[in-house]
Every structure is written in C-alpha cells, then in structure tokens.
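So the structure is just underneath, and the comments pick up after that.
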Amino acid sequence: MAKQEDVFKKVVSHAKEYGFIFPSSEIYDGLSAIYDYGQNGAELKNNIKQYWWKAMVQLNENIVGIDSAIFMHPTIWKASGHVDAFNDPLIDNKDSKKRFRADVLVEDYCAKIEDKENKEIEKAAKRFGDAFDKAQFEATNPKIIEYREKRAAILSRLAKSLEKEDLADVKALIEELEIADPDTGSKNWTEVRQFNLMFGTKLGASADSATDLYLRPETAQGIFVNYLNVQKTSRHKLPFGIAQIGKAFRNEIVARQFIFRMREFEQMEMQYFVPPGTELEFYEQWKKTRLNWHLALGLGEDNYRFHDHEKLAHYANAAADIEFNFPFGFKELEGIHSRTDFDLSAHEKFSGRKIQYFDPERNENYVPYVVETSVGLDRLFLAIFSNSLKDEVLEDGSERTVLSLPPALAPVKAAILPLVKKDGLPEFADKIFNDLKFDFNVFYEEKDAIGKRYRRQDAIGTPFCITVDHDSLNDNTVTIRYRDTMQQERVPVSQLRRIIDEKVNFRTLLSKI
Ligand code: ATP
C-alpha cells in the first residue's frame, strides 16, 4: 500500500513540476477538488480529446458531434431525474468531522476482502509453480469461496438498501462490518443522509425575477434535448449517434483523489439512438468497441476490467464500467449504459413535444432507445499519465524519469536542440523548427548541456529529440534520439517529417482500434 501511495504522490508532484496540472487558484491556497491544466497538460488533454473525437465522429459515418451549452432549462433536470435522484448517501464521522460516501466505505471494505483473495491466489501460485490451475483453485479453495460469498452478500445488501432508499440499513451495514474512519479508526458515525450533487446558480439581473439554474452534472442531457434538431438536420436513420465533449459539474462529497474525482470536470459522451428491442445487442457491441479503443493506447491489457453494475441507475436496463488500474487500485474510468427510452420519453412528457422517430422499415413511430458511452476526460488523463510515468535505472547506473506517453498524445512531438549556442548551429536548428512547426507541436531549446535537455524532454514525454551539430552544416543530417530506447541515429533533415509523422499521427493509433 505504501508503495502505491508513493507512486501516486510522484504522479501528483510530477504533474505539477512539469506543467501538466496545477491546483486551481494556488496563490490563494487552492480550491478543493478543482484543478487547472498547465501548458503541457492542456496539450495532452487536447490530444486525448482528438483521439476520442476522431474515433467517434470521424471514423463512424453515422455519428455526429455537437457542442451544447452548459446552462440549460431547469425543467430538463426535473425530467432527467437529477433533481429528485442525483444523490449520494453521505455519512459523517462524529470524531474526525470527516465526511464520507457511505456506499464507498462499504465498497472499499469489499475491495480489501478482494485484496486478501488475490494474496491467497498469489501464494498458491508460488507454492504450486507451473502446476497451478487458477480456475480450479478459485472454484475449490474454501477460503476463496468464503471471501467471495461474503463480498457478494455485502454488495447485494448494499445495492438493495440503496435501491429501496433504506439508509438506516446502509448505516446498520457499516456498523455490522465495523467499518472505521480510514484515517482515525473512529467508528462513531452519524446517520446516513442523501445529498444532491448538483450546483445551483441564478440566471437574470434582479433577485425577484432570477431563475434558478443548475450547472449541468452531465453532458448527456444536452444531447437528448437536441435529438430532434440533429436527427432532422443530419437526416440520419437509426441507429445513429451524437457525440459531445464538455464540462460537467458535481458537488462531490469526497474529492480526495487528485483529478480522479473533481467538482468541475470534462466528459466525453456519445448517445447511440437505436430501435427498441435492439439496445442490448448495441450495448454489447459498444462495450467491446470502447475497450478496444482503450487497449489501442497500449497501457496494458491487464490494467482494464469490466464491472457490471449490481445497482442499476433509475434510467438503465444494463450498465457496466470499464475500470482501470489507477495508482490507488481498480476504479471506474468509463460507463457504458443502456438507458432505454427513459430520457427521451421524460423530455416528451415534460416539454409536451413529440420526440419520435418514424422507422420506414417497421413503418411505425417510436421513441428511440439509447446506449450511452461516457468517459471522464480527466480520469483518462490520469490513467494515461500515471501509467506512462516511469523511473528507469540505466545501464551506466544513472537514473531517468520518462513519461512514455502514446506518441500521438505527447504534448511536444519533437525537440530541436542545437548542440552549442554558436557557429551557426542555432540558425540551422531554427530552420528545422520553422519547417516542422506547420505539422507538429515542436519545441526549440539551446540552453544547458544536451544530456540535461534530453532528460527534460523525457520527463514530458517528447518522443523525439533532434540534435544539430557541426556535421549538420556540412552534410544536412541530424541526430535523432528516440525517447523510449534512447537510441540515436543519423538521418537526413529531409527525412524528419516522415519519421516523426509515422510515429505520432492519429492514423497509426486509430487503425489499432
Ligand atoms: P463515480 O461512481 O466514480 O462517481 P459515476 O458512475 O457517477 O462515477 P457517470 O455519471 O457514469 O459516473 O459519469 C461518466 C464518467 O464521468 C465516469 O466514468 C467518470 O470517468 C467521469 N466522472 C464522473 N464523475 C467525475 C468526477 N467527479 N470527476 C472526474 N470525472 C468524473
């Protein structure tokens, strides 16, 4: 555990030191769970957005993208169920005065049981060596069976109590399991209460005439209320999708995990409109497609897993999360939900407008069903960033920190470095910079020893360093250094564009999906 915490601390400090993420309003001591993206963070974030947008909108002939406003008519949030049901169960510890999500306390308790299971499996694997049959061990070992049954019973009781809004039972569960405040060990809990996560604000100048609004807690509703507009103007037949990237706001109860849980964050959502009765087929299809999209980034297959929801949200008839192995364990990265016709039907009812599709094949009108894929941009940023950050011991015993980002996502694609600041090398390097800048985000630097400059580029994930030396002036060649292998090669200047492009263009990444 200590090791995981160290890794996480290193992620947070590296993100700040190298201009990726700063605490918001830092000179005023910051604002809890709000962060700003710095010069390198903004580039990385934009590149992640591009990867998602291209995979959705550019590669799918039947998906279009929109950009709806953050402020929306307040009745939308009544229709969507957010006013009444967008709650988290909170519980306070009377001694430490700290606030927790009651469901998360129980889930963390179960995660600890799961850790114990994994340790048993690891121990057995060591004991039995090559003869170890994991599936058989899991199915027959009494300890594993006991742990799994215990976990399943706890989670199912939690799901049922939340479903029935039986908050007293959630509290009883916490007490029966003797769950303590993780920081202080105190078991002195308050009752469990529901807490609405939406931020309210006002529209209008005078206090009397102002309308109460909410900052949107999800981007999806902006898609639903534009369904008719988009369908009519794009003339797409079902199935078709609408994609959107944008800010969402939630007054999270517990927001202590850096950019994993923020109060202002960004979502990348796609709502796929399908004929009723076909939604589960498309749901399975999107689960696969989305996992492949993640896997193409090359962060390691073992770092992803599906988690099927026990407790379905009020709008869903099937739901799963893609979880990622963050520095603090497996947690939700993306949600894939079969939302039925809940949202469009609710907007029909509340707006009084017909939101229907005429299906020429079925020769009937109906409200489309929806399969949603919803990924948090900031969580994805954290997954990519933390997984790419590595400390390496080199052959000569020295160490380097390298951010081995997927090349298409790297903030800077190539650094152009004259070996010395004289003899015409800066001018030669400048010419290369001015040529490459039309195609790639490139960086020029002439200060400090070349080794130091390489290290700085490794730390921000630049895939290529291009060094100009005295020979360059004679033969028009430069040294290109590869970030991951640190190998160096002499190449003609005329080849640079091709070499960089091959590695960093989105085509290379997108064609792996
Ligand atoms: P959680 O259970 O972690 O609170 P959720 O199930 O409420 O998440 P959804 O409503 O399904 O999340 O939102 C879709 C995606 O938006 C999530 O998978 C996550 O990546 C992202 N997301 C949700 N809340 C936050 C937040 N507070 N900060 C950053 N990203 C978030």
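The values are calculated or read from the model by the stated rules, or taken from the named source; none is laboratory data. What you see is a predicted model; the values in this text were computed from it and never measured. Virtual Cβ from ideal backbone geometry, glycine too; neighbours counted across all protein chains shown. Accessible surface areas use protein heavy atoms only, side chains included; no ligands, DNA or RNA. Shrake-Rupley method; radii C 1.70, N 1.55, O 1.52, S 1.80 Å.
Would you be able to say whether some residue in region 189-209 is farther than 19 Å from E252 by Cα, open to solvent by less than 60 Å² (accessible area, probe 1.4 Å) and within 33 Å of the chain's Cα centre (by Cα)? Yes, region 189-209 contains a residue that is farther than 19 Å from E252 by Cα, open to solvent by less than 60 Å² (accessible area, probe 1.4 Å) and within 33 Å of the chain's Cα centre (by Cα). Specify which of the listed residues (A180, A124, A168) is surrounded by 13 or more Cβ atoms within 10 Å (Cβ to Cβ) and under 23 Å from V254 (Cα atoms). The conditions single out A180.
Here A320 meets each of (1) touching a helix residue (DSSP H, G or I) at 6+ places or on another chain (Cβ under 8 Å); (2) away from the ligand (no atom under 12 Å from the Cβ) with one exception, condition (2). Within region 352-366, can one find any residue that is modelled with pLDDT of 95 or more, within 30 Å of L299 (Cβ to Cβ) and either in contact with a Ser or Thr (Cβ under 8 Å, 6 or more places away or on another chain) or open to solvent by 50 Å² or more (accessible area, probe 1.4 Å) (or both)? No - not one qualifying residue is present in region 352-366.
Give V367, V371 a once-over and let me know the one that is assigned by TED's automatic domain parsing to the domain that holds T278, in contact with a Phe, Trp or Tyr (Cβ under 6 Å, 6 or more places away or on another chain), within 23 Å of Y227 (Cα to Cα) and hydrophobic (A, V, I, L, M, F, W, C). Before you say what the answer is, go through the steps one by one.
Numbers: V367 fails: in contact with a Phe, Trp or Tyr (Cβ under 6 Å, 6 or more places away or on another chain).
Matching residue, one of V367, V371: V371.
Can you find a residue in region 327-335 that is closer than 26 Å to T289 by Cα, over 16 Å from the mean Cα position of the chain (by Cα) and surrounded by 21 or more Cβ atoms within 10 Å (Cβ to Cβ)? The answer is no, given that none of the residues of region 327-335 is closer than 26 Å to T289 by Cα, over 16 Å from the mean Cα position of the chain (by Cα) and surrounded by 21 or more Cβ atoms within 10 Å (Cβ to Cβ).
Can you pull out the residues in region 250-269 that are more than 14 Å from the chain's Cα centre (by Cα) and either crowded, with 20+ Cβ neighbours inside 10 Å or not assigned by TED's automatic domain parsing to the domain that holds Q58 (or both)?
Step one: list which residues in region 250-269 are more than 14 Å from the chain's Cα centre (by Cα), which gives 250-256, 263.
Listed by number, the list holds a single entry, R250.
Looking at (1) under 22 Å from K45 (Cβ atoms); (2) in contact with a strand residue (DSSP E or B) (Cβ under 7 Å, 6 or more places away or on another chain); (3) open to solvent by less than 60 Å² (accessible area, probe 1.4 Å); (4) of a type in the set (A, V, I, L, M, F, W, C), can you tell me which one L496 breaks? Of (1) under 22 Å from K45 (Cβ atoms); (2) in contact with a strand residue (DSSP E or B) (Cβ under 7 Å, 6 or more places away or on another chain); (3) open to solvent by less than 60 Å² (accessible area, probe 1.4 Å); (4) of a type in the set (A, V, I, L, M, F, W, C), only one is false for L496: (1).
Residues in region 371-391 that are in contact with a strand residue (DSSP E or B) (Cβ under 7 Å, 6 or more places away or on another chain) and within 14 Å of the ligand (Cβ to nearest atom): 12 in all.
Of all the helices (runs of 4 or more DSSP H) wholly in region 1-102, which have at least 1 residues that are modelled with pLDDT of 95 or more and either surrounded by 17 or more Cβ atoms within 10 Å (Cβ to Cβ) or among the hydroxyl-bearing types (S, T, Y) (or both)?
Working: elements: 2-17, 39-53, 75-79, 82-85.
Because the criterion is at least 1 residues that are modelled with pLDDT of 95 or more and either surrounded by 17 or more Cβ atoms within 10 Å (Cβ to Cβ) or among the hydroxyl-bearing types (S, T, Y) (or both), the helices (runs of 4 or more DSSP H) in region 1-102 that meet it are 2-17, 39-53, 75-79.
Scanning region 17-50 for residues that are under 15 Å from P411 (Cβ atoms) and more than 19 Å from the chain's Cα centre (by Cα) returns E17, Y18, G19, Q39.
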